[in-house]
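Comments concern the structure below.
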Amino acid sequence: VAAVVLRLPDGARVGRRFRGGERLGVLFDWAESEGVNVEVVKFVCSFPRKTFESPEDAEATFEEAGLSPSAMLVIEERE
């Protein structure tokens, strides 16, 4: 299980649980349903610092990405 909390650009937080073997594409789809344009942002885990972007990282699983059992991801604009 991967419990993920997103900190949205407006400061709001939303959370959801995923199966550890699911692909990050599911995370990106969920973020889009929350109003995030995944084409122009990156998802950042602050410690240890890791960055995930769509579609480049969509095939990695939550376990492979180190987001299991839990993670807080901050959404930042791509540079």
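Its relative contact order, with pairs defined as Cα atoms under 8 Å and 6+ residues apart, puts the chain at 44 percent.
Over the chain, DSSP H runs of length four or greater, each weighted -39,500 (n - 2.57), average out per residue to a 222 nm ellipticity of -3500 deg cm²/dmol.
Going through region 5-79, which trypsin sites (Lys or Arg not before Pro) have at most 15 other Cβ atoms within 10 Å and a DSSP loop state? Of the trypsin sites (Lys or Arg not before Pro), the ones in loops of region 5-79 whose Cβ has at most 15 other Cβ atoms within 10 Å are R19, R78. The candidate values were (1) 12, 31, 31, 19, 6, 0; (2) 20, 62, 18, 0; (3) 16, 35, 24, 13, 9, 2; the one computed from these coordinates for P(r) over Cα pairs in 10 Å bins from 0, in percent carries the label (2).
For the chain, the longest principal axis of the Cα atoms and the long axis of helix 24-33 meet at an angle of about 40 degrees. When +1 charges are put on Lys and Arg Cβ atoms and -1 charges on Asp and Glu Cβ atoms, the dipole computed for the chain relative to its Cα centre reaches about 440 debye.
By DSSP, the beta bridges lying fully in the chain are antiparallel in about 75 percent of cases. Here the label points at E34 and R78, each 7 Å from Cα along the C-beta direction, are separated by 1.9 nm in the simple model.
Read-outs: derived from the displayed coordinates by stated rules, not from any lab. All of these numbers come straight from a predicted model, not from anything done at the bench. Quick reminder, even Gly has a Cβ in these numbers, built from the backbone with ideal geometry, and neighbours come from all protein chains shown.
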